[in-house]
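The values are calculated or read from the model by the stated rules, or taken from the named source; none is laboratory data. The model shown is predicted, which means the values in this text are computed figures rather than measured ones. Here the Cβ is made from the backbone with ideal geometry for all residues, glycine too, and neighbour counts use every protein chain on show. To get the accessible areas, we keep the full protein, side chains included, count just its heavy atoms, and leave off ligands, DNA and RNA. Shrake-Rupley method; radii C 1.70, N 1.55, O 1.52, S 1.80 Å.
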Amino acid sequence: MNVFLLIAAAIVLIVVLLRFKCPIGPAILSGGALLWVFVDPSLRALTEAGTSLFSMSRTYDLIFALYFVMCLEIQLRKSGTLRGMVEALNRFFSSTKVVIASMPAFLGLLPSVGGARFSAPIVDTACQGMTISRESKAAINFWFRHVCEFASPIIPGMILGCAIAHISVADLVVHLFWMSIVAFAAGWLVMIRPLKFEEKRAKAETTPEERRQDMINIALAIAPVLVSVFLMMAFNLSAAIAMGVVVVALIPVLAMMKRGVSIKDVFVGAFDWRLILNISCILYFIQLLDSTGILHQIITAFEGTTLPVPVIIAATSFVIGFLTGMSQGHVAIVMPIVAGLMPGSLELAGVAMVFGVAGQMITPTHVCLTITIDYFKSDFFKTLKPVLLSEGLVLITFSLWTWLTWN
């Protein structure tokens, strides 16, 4: 059977399982099992994939990196730092437009499943007394919650993608950082600038002590991300080691500031067997692509086509991102192909990430979109319209720049 028909069948199976609330890891592994049955249903392929999975250092680097991300989220949340940052920004800005755009963007630096539910009440509260439609508030919350997908080194999809493609997280963040600026600008142009209302917010009067606390909260919330990037770039550390150093270093810092969080709460609370299961299944799926020869067949087929490789990767990433609605979905399927076609290529990895994110941003399978629409009780299509326009601007800008600068 044609390898692309098999891949299509596997993707359909994955999407169906996701629709029935199956976890992303087992769903993707089920697609891998389907491919194994039709291509090479041998015990050798299974054992070879398992041996490769457990013998590679990147498996453990990835799992520990994501584990420490969860530790950091617990530290900042339970210490009150996240809440303090939100309150500080709310006092600092006198413009409702700035508040409703910046709040979800800041909170988007820290990944969490369905995180748009956390920022939605903040956007809703900031808009009280303003003539802003439910659809506008929903679109703003959803869009700006995800503008940091290209700039944060602790986004699970970013970490997973870099581990698969054999490139540095810091290098890819530097390569794509400007896309977060473009995404913010596109959202502002399409969603924020057209809003017509009279600003009623007044910049809050604060004491010197309150201003000092506000700056501390903002610095504490942002510094871990910046320090992680610095450690990875300056010392060539893996994401796991860099995040581990940051988490451990933050323990005494929070304690000295009388914001200490129980070590047990941090390190035990961050242990999530579902996360480990999902990541292990995804990585095993990738090894199955290799051990069964499917990945080689795909690469051979791509090399024989007349279409440019970036176009193929862009289209594939977009479709899979749309079908799964999760960064782990398009990353797990497309990044192994990127690694096989152009090992270490930041340009091709960037294409896969940007177009995969574009697909997941416009699909009803994206959890954050569903949660946002449910919270604001907004119309799906009216909410999606400005998101489509913004995403169009992002893709046009990225495509033109990539075409002009491709090496």
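How big is the Kirkwood radius of region 1-65, worked out from every pair of different alpha carbons and given in Å to one decimal?
13.2 Å
Relative contact order of the chain, please, whole-number percent, based on alpha carbon pairs below 8 angstrom and at least 6 residues apart.
27 percent
For the chain, which whole-number percentage of the solvent-accessible area (1.4 Å probe, protein heavy atoms only) is attributable to carbon and sulfur atoms?
Whole-percent figure for carbon plus sulfur exposure: 67.
Using only DSSP helix segments of four residues or longer, with each worth -39500 (n - 2.57), what per-residue ellipticity at 222 nm results for the chain after dividing by its residue count and rounding to 500?
-25000 deg cm²/dmol
Could you order ARG91, ARG145, ARG83 so the one with the most accessible surface comes first? Probe is 1.4 Å.
Correct descending sequence by accessible area is ARG83, ARG91, ARG145.
Expected output is a single nm value to one decimal: the length gained when fully extending between LEU5 and THR300, i.e. 0.36 nm times separation in residues minus the C-alpha distance. What is it?
Full-extension gain reported as 104.7 nm.
Go through ALA101, LEU5, LEU160 and say which Cα lies farthest out towards the positive end of the charge dipole of the chain; charges sit on Cβ, +1 for Lys and Arg, -1 for Asp and Glu.
ALA101
What shape does region 1-140 have by the C-alpha gyration tensor, where a ≥ b ≥ c are the square roots of the eigenvalues, rounded means a/c under 1.5, and otherwise prolate means a/b greater than b/c and oblate the rest?
It is oblate, given that a/c is not under 1.5 and a/b is not larger than b/c.
Report Rg/Rh for the chain, rounded to two decimals, where Rg is the Cα radius of gyration and Rh the Kirkwood radius.
On the Cα set of the chain, Rg over Rh gives 0.98.
Using θ = phi - 60° and the Karplus relation 6.51 cos²θ - 1.76 cosθ + 1.60, list the HN-Hα couplings for region 256-266 in order, rounded to whole Hz, with x at every Gly or Pro.
5, 8, 6, 10, x, 10, 3, 4, 5, 4, 5
Using only alpha carbon pairs under 8 Å that are at least six residues apart, calculate the relative contact order of region 113-174 and give it in whole percent.
27 percent
Positive end of the dipole of the chain, charges at C-beta (+1 Lys, Arg; -1 Asp, Glu), about the Cα centre: which of PHE267, PHE380, VAL247 has its Cα farthest in that direction?
The residue sitting most towards the positive pole is PHE380.
Applying the Karplus parametrisation 6.51 cos²θ - 1.76 cosθ + 1.60 with θ = phi - 60° to the phi angles of region 71-82, what ³J(HN,Hα) value in whole Hz is obtained for each residue in order, glycine and proline being reported as x?
4, 4, 4, 5, 4, 6, 6, 6, 7, x, 5, 5
Tell me, in nm to one decimal, what length is gained between ASP40 and ASP171 on full extension, where the rule is 0.36 nm per residue of separation less the Cα-Cα distance?
Full extension of this stretch gives 43.5 nm more.
Using bins 10 angstrom wide from zero, how does P(r) for region 298-384 break down, in % of all Cα pairs?
18, 42, 24, 12, 4
SER55 versus LYS385, label points 7 Å from Cα toward the beta carbon: distance in nm?
The modelled label-to-label distance comes out at 5.8 nm.
Expected output is a single nm value to one decimal: the length gained when fully extending between ARG91 and MET215, i.e. 0.36 nm times separation in residues minus the C-alpha distance. What is it?
That pair, ARG91 and MET215, stretches by 43.5 nm at full extension.
Through the Karplus equation 6.51 cos²θ - 1.76 cosθ + 1.60, θ set to phi - 60°, convert the phi angles of region 271-287 into ³J(HN,Hα) values in whole Hz; use x for Gly and Pro.
Result, ordered by residue: 6, 10, 5, 5, 4, 4, 4, 4, 5, 4, 5, 5, 5, 5, 4, 5, 5 Hz.
I need the shape label for region 352-407. Rule: rounded when a/c is under 1.5, else prolate if a/b > b/c, else oblate, with a, b, c from the alpha carbon gyration tensor.
Verdict is prolate for region 352-407.
Sorted by accessible area (1.4 Å probe), largest first, how do PHE20, PHE235 line up?
Result, largest first: PHE20, PHE235.
Counting other C-beta atoms within 10 Å, and keeping those with at most 10, which DSSP coil trypsin sites (Lys or Arg not before Pro) do you find in region 250-338?
Those that pass, being in a loop and sparsely packed, are LYS258.
Beta carbons within 10 angstrom, averaged per residue: use that to sort the peptides 211-222, 148-159, 340-351, highest first.
Answer by packing, highest mean first, reads 148-159, 340-351, 211-222.
Per residue, how much accessible area does region 144-262 show when a 1.4 Å probe rolls over the protein heavy atoms, in square angstrom?
48 Å²
Rounded, prolate or oblate: which fits region 137-295, taking a ≥ b ≥ c as square roots of the Cα gyration tensor eigenvalues, rounded meaning a/c under 1.5, else prolate when a/b beats b/c?
Taking the square roots of the gyration eigenvalues as a ≥ b ≥ c, region 137-295 is oblate.
For region 1-66, report the accessible area per residue in Å² (1.4 Å probe, heavy atoms, rounded to an integer).
53 Å²
State in Å² the accessible area per residue of region 273-407; use a 1.4 Å probe, count heavy atoms of protein chains only, and round to the nearest integer.
Here the per-residue accessible area is 41 Å².
Which whole-number percent is the relative contact order of region 1-85 (Cα, under 8 Å, 6+ apart)?
Relative contact order here is 19 percent.
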